[in-house]
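Asker: One structure, as structure tokens, below. Some questions next.
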Amino acid sequence: MCGIVGYFGKRPAQDFLLEGLKRLEYRGYDSAGVAVLQNKIANRKNKKDEILIRTVKSVGKVSELEKKLNGKIEGVIGIAHTRWATHGKPSEKNAHPHTDCGGRVAVVHNGIIENYRELKDVLEKRGHRFRSETDTEVIAHLLEVAMEKLPFEEAFVKTLKQLKGAYGIVAISAKDPGVMLAARLSSPLVLGIGSGEMFIASDVSAMMGDVKRVVYLDDGEITVIGNDGYVVKTFSHRKREKEELALERDKTVAEHRGYPHFMLKEIFEQPKSFADALRGRLLPDDGMARLGGLRTVAKRLRSIDRIIIVSCGTSYHSALTGEYMLEEYAGIPTEVEMASEFRYRKPLLDKKTAVIAISQSGETADTLAAIREAKEKGALTIGIVNVVGSTIARATDVGVYCHAGPEISVASTKAFTSQLAILSLLTLYLGRQRGLSLVMGQRIVRELARIPKHMERVLAQAKDIRKLAKKYAKQEHYLYLGRKYNFPSALEGALKIKEIAYVPAQGYPTGEMKHGPIALIDPSVVSVMVMPRDSVYEKNMSGMEEILARGGKVLAIATDGDAAIVRKATDVIFIPKTLEMLSPLLAVLPLQLFAYYVAVERGYDIDKPRNLAKSVTVE
Ligand code: F6R
């Protein structure tokens, strides 16, 4: 999704602007641009020194922009943007920053201005010339109009009041070069505090290594950055005291560390990220979990009679697995909803409902909207979020962090297994309060603690999985099948191969095959079947027989030592034996690796899959 960075300080602004944009590259984009306030330039016409805004844009990678800049822009105040097209195709003229008619104001914007058509019509009638097809450009022209009568800050607020939609906006003006202004409504912005310099970005990772303290803006807030630091205010100019949070200085997280891609690095990080999610949270003797983030609502949680989990994409798949866990072991009726659907339905919620939002980024617009709706209706809201301090983490009543560390790859991998870790802990926590036996609780704790070692054994098969990927690289269509706990694993496997290898794949419950999809089976179709030795093993076996009988090929994910499958399936990848509820933690690893290696064989840019963004902060 689009990325914003801004710099106000003493050093050449372009250095941080380019570096910041590069750190945001993983989020996905199609074009990039910078605008810098140029120090006084002699104006030959009126013989006066003037401050100007210099804007440079390019289509494609940040490196293209860097080439175009060629170190030429001077100036110590600037804004920059990586764009992911929504209104108007990817092109240089649609890339941000956008300026007004006179080039005296420049803005970068994430989000969507829903009423931009009406605003543009009015502005065009007043003689404003638009250069792009974007919704963002109206902001620059509205500012131009407002600044005819008002100082920059007041004009900015007046402009914001005319906008409908979602935005994170940063603006600079040559008329008032002493400040940089920013505002947030449903699209994240974070301020970075340096020594004698200020930073702003849509994602904290853009500032990693440059700042030690950050301030997250909330909806309805603007910030005024100047030589004396920053102030945060509401749209009605009331000053807000904001908490400054410490930021870990770790530049290395954004490096491949010897892996060809972030995705592969993050797949291999899972034994550690999973152990990190469990750290300090397992109580082996009590067969229980310690979840400090839920302490303040412990009493209320006892009276909850229903759980709804809202999430999107990969996080939706972990939620589906959580539904099986929570119903089987905690005995709480649980429903899972795609956040994008939930927000437009009229969900019936009350005080006894807990609505859990699962999100890696903590910024997904649909999940955030769903949680806000739930809160309004009086439900208890709980976040299972990876990014500390993110909007969803702050919008929920309470939460449990995943502690997976930064996930850079657009295709989510380690976040999925960390989310499952938290859902397992939550199941233990709620289950032990509602009749889950001590013996079963202790068993779950023991098996959870063994998972990192099991994961290492699965990952050690990467070479064999790569060979299989080579064998199937030209395959044009896949079915991914599983039942019960591993139906969501099948959905996740199909999503991975779609998003990075661009191969059409359908995730389906094995038991539903006979109701339609089995018609697809012929010798050209490969079914990836997740079928460990669990309570639905025999059912999966019958499903496999039906596919093989129709000439289909089966690549099975099976439990170590399952000789019957070796005899029948076309190919097999083994995973260690564990509890049924934890088996997706192991089954998903070969599915991630398989998708990764198929994408490698097909020659795709794995960390920057086409049309995708890391966090989806618009609807
Ligand atoms: C898939 C993927 C997406 C995200 C989805 C939700 O690999 O990355 O499907 O899982 O956009 O994002 P979060 O978890 O950040 O809310």
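Asker: Without any contact (Cβ under 8 Å) to a residue 40 or more places away in the chain, among the basic types (Lys, Arg), away from the ligand (no atom under 15 Å from the Cβ) and part of a helix (DSSP H, G or I) - does that describe any residue in region 563-570?
Answerer: yes
Asker: If you take the residues of region 571-593 that are of a type in the set (Val, Ile, Thr) and assigned to a strand (DSSP E or B), which of them is farthest from the ligand (Cβ to nearest atom)? Before you say what the answer is, go through the steps one by one.
Answerer: Just the residues of region 571-593 that are of a type in the set (Val, Ile, Thr), to begin with: 572-573, 575, 578, 588.
Filter once more, so that each one left must be assigned to a strand (DSSP E or B): 572-573, 575.
Details: Val572: 25, Ile573: 20, Ile575: 21 Å.
Only one residue fits best here, namely Val572.
Listed here are the residues, each with its yes/no results for (1) modelled with pLDDT of 95 or more; (2) touching an Asp or Glu at 6+ places or on another chain (Cβ under 7 Å); (3) surrounded by 14 or more Cβ atoms within 10 Å (Cβ to Cβ).
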residue	(1), (2), (3)
Gly229	no, no, no
Glu248	no, no, no
Tyr259	no, no, yes
Phe262	no, yes, yes
Gln270	yes, no, yes
Phe274	yes, no, yes
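Asker: How many residues, within region 479-524, are within 17 Å of Ala549 (Cα to Cα), outside any helix (DSSP H, G or I) and among the hydrophobic types (A, V, I, L, M, F, W, C)?
Answerer: So the count comes out to 3.
Asker: Say we look at region 320-340 and pick out the residues that are among the hydrophobic types (A, V, I, L, M, F, W, C) and part of a helix (DSSP H, G or I); which of these is nearest to the ligand (Cβ to nearest atom)? I'd like the intermediate steps shown before the answer.
Answerer: Narrowing region 320-340 to residues among the hydrophobic types (A, V, I, L, M, F, W, C): 320, 325-326, 330, 332, 336, 338-339.
Restricting the remaining residues to those that are part of a helix (DSSP H, G or I) gives 320, 325-326, 330, 339.
Details: Leu320: 13, Met325: 18, Leu326: 19, Ala330: 23, Ala339: 8 Å.
Restricting to residues being among the hydrophobic types (A, V, I, L, M, F, W, C) and part of a helix (DSSP H, G or I), the top hit is Ala339.
Asker: Find all pairs meeting these conditions: Cβ atoms under 7 angstrom apart; at least six residues apart or on different chains; first residue within region 584-600 and under 16 Å from Tyr259 (Cα atoms) and touching a residue at least 60 places away in the same chain (Cβ under 8 Å); second residue of a type in the set (D, E, K, R) and surrounded by fewer than 24 Cβ atoms within 10 Å (Cβ to Cβ).
Answerer: Once the first residue is under 16 Å from Tyr259 (Cα atoms) and touching a residue at least 60 places away in the same chain (Cβ under 8 Å) and sits in region 584-600, its partners that are of a type in the set (D, E, K, R) and surrounded by fewer than 24 Cβ atoms within 10 Å (Cβ to Cβ) give Tyr597/Arg466.
Asker: Also, I was wondering about something else. Could you grab me the full set of residues in region 447-464 that are over 16 Å from Asp276 (Cα atoms) and in contact with a strand residue (DSSP E or B) (Cβ under 9 Å, 6 or more places away or on another chain)?
Answerer: From region 447-464, those over 16 Å from Asp276 (Cα atoms) are 457-464; that's our starting set.
Matches in region 447-464: Arg457, Val458, Gln461, Asp464.
Asker: List every residue pair whose Cβ atoms lie under 9 Å apart, where the two residues are 6 or more positions apart in sequence or sit on different chains, the first residue falls within region 397-409 and is on the phi > 0 side of the Ramachandran plot and touching a residue at least 40 places away in the same chain (Cβ under 8 Å), and the second residue, located anywhere, is surrounded by fewer than 19 Cβ atoms within 10 Å (Cβ to Cβ) and β-branched (Val, Ile, Thr).
Answerer: Listed by first residue and then by second, the contacts come to His403/Val388; Gly405/Val253.
Asker: Next question. Can you name the residue in region 594-616 that is within 14 Å of the ligand (Cβ to nearest atom) and part of a helix (DSSP H, G or I) and, of all such residues, is surrounded by the most Cβ atoms within 10 Å (Cβ to Cβ)? Reasoning before the result, please.
Answerer: Filtering region 594-616 for residues within 14 Å of the ligand (Cβ to nearest atom) gives 595-596, 599, 606-616.
Now restrict to residues that are part of a helix (DSSP H, G or I): 595-596, 599.
Numbers: Ala595: 30, Tyr596: 27, Ala599: 25.
Of everything passing the filter in region 594-616, Ala595 is surrounded by the most Cβ atoms within 10 Å (Cβ to Cβ).
Asker: How about region 287-314: which of its residues are in contact (Cβ under 8 Å) with a residue 60 or more places away in the chain and either within 16 Å of the ligand (Cβ to nearest atom) or in a strand (DSSP E or B) (or both)?
Answerer: Across region 287-314, the qualifying residues are Met288, Ala289, Ile308, Val310, Cys312, Gly313, Thr314.
Asker: Let me ask something else. Criterion first (buried (at least 21 other Cβ atoms within 10 Å of the Cβ), modelled with pLDDT of 95 or more, within 27 Å of the chain's Cα centre (by Cα) and among the hydrophobic types (A, V, I, L, M, F, W, C)) does Val138 satisfy it? Break it down into steps so the answer makes sense when it comes.
Answerer: Working: buried (at least 21 other Cβ atoms within 10 Å of the Cβ): yes; modelled with pLDDT of 95 or more: yes; within 27 Å of the chain's Cα centre (by Cα): no; among the hydrophobic types (A, V, I, L, M, F, W, C): yes.
When the stated conditions are applied, Val138 does not pass them.
Asker: Moving on. Exactly one condition in (1) within 13 Å of the ligand (Cβ to nearest atom); (2) in contact (Cβ under 8 Å) with a residue 40 or more places away in the chain; (3) over 27 Å from Phe268 (Cβ atoms); (4) not hydroxyl-bearing (Ser, Thr, Tyr) is not met by His317; state its number.
Answerer: (3)
Asker: Another question about this same structure. Provide a single number: the residues in region 349-361 that are near the ligand (Cβ under 7 Å from one of its atoms) and either of a type in the set (Lys, Arg) or farther than 16 Å from Val336 by Cα (or both). Working first, answer last.
Answerer: So in region 349-361, the residues near the ligand (Cβ under 7 Å from one of its atoms) come out as 358-361.
Right, trim to either of a type in the set (Lys, Arg) or farther than 16 Å from Val336 by Cα (or both) and you get 360-361.
Summing the residues that are near the ligand (Cβ under 7 Å from one of its atoms) and either of a type in the set (Lys, Arg) or farther than 16 Å from Val336 by Cα (or both) in region 349-361 gives 2.
Asker: Among Ala469, Ala462, Ala494, Ala473, which is in contact (Cβ under 8 Å) with a residue 12 or more places away in the chain and within 16 Å of the ligand (Cβ to nearest atom)?
Answerer: Details: Ala469 fails: within 16 Å of the ligand (Cβ to nearest atom); Ala462 fails: within 16 Å of the ligand (Cβ to nearest atom); Ala473 fails: within 16 Å of the ligand (Cβ to nearest atom).
Going through Ala469, Ala462, Ala494, Ala473 in turn, the sole match is Ala494.
Asker: Exactly one condition in (1) modelled with pLDDT of 90 or more; (2) surrounded by fewer than 21 Cβ atoms within 10 Å (Cβ to Cβ) is false for Ser195; which is it?
Answerer: Of everything listed in (1) modelled with pLDDT of 90 or more; (2) surrounded by fewer than 21 Cβ atoms within 10 Å (Cβ to Cβ), Ser195 misses just condition (1).
The values are calculated or read from the model by the stated rules, or taken from the named source; none is laboratory data. Nothing here was measured: the structure is a model prediction, and the numbers come from that model. Reconstructed Cβ throughout: ideal geometry from the backbone, glycine too, with neighbour counts over all protein chains shown.
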